[in-house]
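Colleague: Quick one: the structure is below, and I'll ask about it shortly.
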Amino acid sequence: MSGPDTHILKKKQERVSLLLKEITSYIDISILDVVLYCGYKEKQLSSFSKCAKYNYFPKFLTSKIDTVGEKLEQVAKNPDLIRAFKESKEENEKWGFENPSKSFLVWIPLDLAIPVADYRGTNSPLSFTQIGERKGIVAFRNSSKHEADGEIYIDHIGMATDLEPGSRIAIKRINKIDWQTDRYYLIIDISDQVSIRELLPGDDNETIKYVSTRNPDGPHMELLLDRIVAIFSLVDGNCIPRPKRNNTIASTDIDNLLCRK
């Protein structure tokens with residue numbers, strides 16, 4: 001290989017080295033975590049470490065450089081991919097088995113009649129992904145003790161709520177008319193906008209209202225039911241508070257017991 005091809009390869013190698021260094025700058029992500037996430041064995045740890053320090057580029061990575069580079073790009077954008085991989089691996093080791101047939105990501109169809117399926121693509125959690133003619137979202141596999149379709153991190157949603165940053169919550173699809181007050185729900189509308197809302201009854205059967213995060217005491221915003229394509233209940237997580245505006249002291253104390261230590 002020579003000329004332009006050599007230059008392109010060198011640029012890809014430099015990018016992989018930079019990504020390895022960037023990803024492992026997180027205190028909870030080690031170079032070994034990256035090695036295992038990329039599908040390699042512990043014996044490749046030294047080679048990956050040298051690559052991260054720009055000292056050496058492993059020959060065995062050259063033929064897979066595009067695949068590895070794509071995985072690292074995804075992790076750089078969303079380091080929770082590796083964190084979820086670690087949690088899944090630790091859970092399997094805890095029970096003394098490994099199940100490589102199960103992905104740590106799942107695809108949750110917006111259609112309640114379609115079952116949740118394993119997802120092995122490159123889209124990150126809360127990405128919209130179409131399989132066949134059906135649309136759904138990507139989420140982490142449910143690891144909670146509650147029945148749920150999958151799990152997400154609150155940080156992935158650009159909404160200001162009193163849910164703690166960093167909270168990982170389990171979500172479950174529900175019929176969009178089967179919601180209750182004094183709860184939070186994950187809402188997806190026809191424009192693919194995702195938000196966490198406290199819902200209130202609308203003025204008629206065709207609308208609902210939601211509490212504005214800027215004006216929690218009103219006026220409340222109205223939303224046509226026809227514009228909602230999916231509603232998920234929050235069924236478990238690090239801490240699932242009820243809206244503070246509606247809490248009594250007693251109910252707050254009870255809700256605090258739901259927080260994982």
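The values are calculated or read from the model by the stated rules, or taken from the named source; none is laboratory data. Bear in mind that the values here come from a model prediction, so they are computed numbers and not experimental data. Note that we place each Cβ from the backbone using ideal geometry, even for glycine, and neighbour counts take in every protein chain shown. For accessibility, only protein heavy atoms count, side chains too; no ligands or nucleic acids. Shrake-Rupley method; radii C 1.70, N 1.55, O 1.52, S 1.80 Å.
Colleague: Could you tell me which residue of the stretch 112-128 is farthest from GLU151 (Cα to Cα), considering only residues that are touching a residue at least 60 places away in the same chain (Cβ under 8 Å) and not aromatic (Phe, Trp, Tyr)?
Modeller: The residue in question is LEU112.
One line per residue, one yes/no per condition, for (1) farther than 24 Å from PHE104 by Cα; (2) of a type in the set (D, E, K, R):
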| position | (1), (2) |
| --- | --- |
| LYS12 | yes, yes |
| CYS38 | no, no |
| LYS41 | no, yes |
| GLN44 | no, no |
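Colleague: Checking ASN55 against (1) closer than 24 Å to LEU105 by Cα; (2) at pLDDT below 85; (3) not small (Gly, Ala, Ser), which test does it fail?
Modeller: Just one mismatch for ASN55, condition (1).
Colleague: Here is a follow-up. With the checklist (1) touching a helix residue (DSSP H, G or I) at 6+ places or on another chain (Cβ under 9 Å); (2) at pLDDT 80 or above in hand, flag the one item ASN247 doesn't pass.
Modeller: (2) is the only condition that ASN247 fails.
Colleague: So, VAL194, is that one modelled with pLDDT under 80 and surrounded by 15 or more Cβ atoms within 10 Å (Cβ to Cβ) or not?
Modeller: When the stated conditions are applied, VAL194 does not pass them.
Colleague: If the requirement is being more than 30 Å from LYS145 (Cα to Cα), open to solvent by 50 Å² or more (accessible area, probe 1.4 Å), at pLDDT 90 or above and aliphatic (A, V, I, L, M), which of these qualifies: LEU72, LEU18?
Modeller: LEU18
Colleague: If I ask for residues that are open to solvent by 40 Å² or more (accessible area, probe 1.4 Å) and either in contact with a strand residue (DSSP E or B) (Cβ under 7 Å, 6 or more places away or on another chain) or part of a helix (DSSP H, G or I) (or both), which ones from the stretch 21-43 would you list?
Modeller: Answer for the stretch 21-43, where residues must be open to solvent by 40 Å² or more (accessible area, probe 1.4 Å) and either in contact with a strand residue (DSSP E or B) (Cβ under 7 Å, 6 or more places away or on another chain) or part of a helix (DSSP H, G or I) (or both): LYS21, GLU22, LEU32, LEU36, GLU42, LYS43.
Colleague: In this structure, does ALA148 turn out to be under 22 Å from ALA84 (Cβ atoms) and either modelled with pLDDT of 75 or more or not basic (Lys, Arg) (or both)?
Modeller: yes
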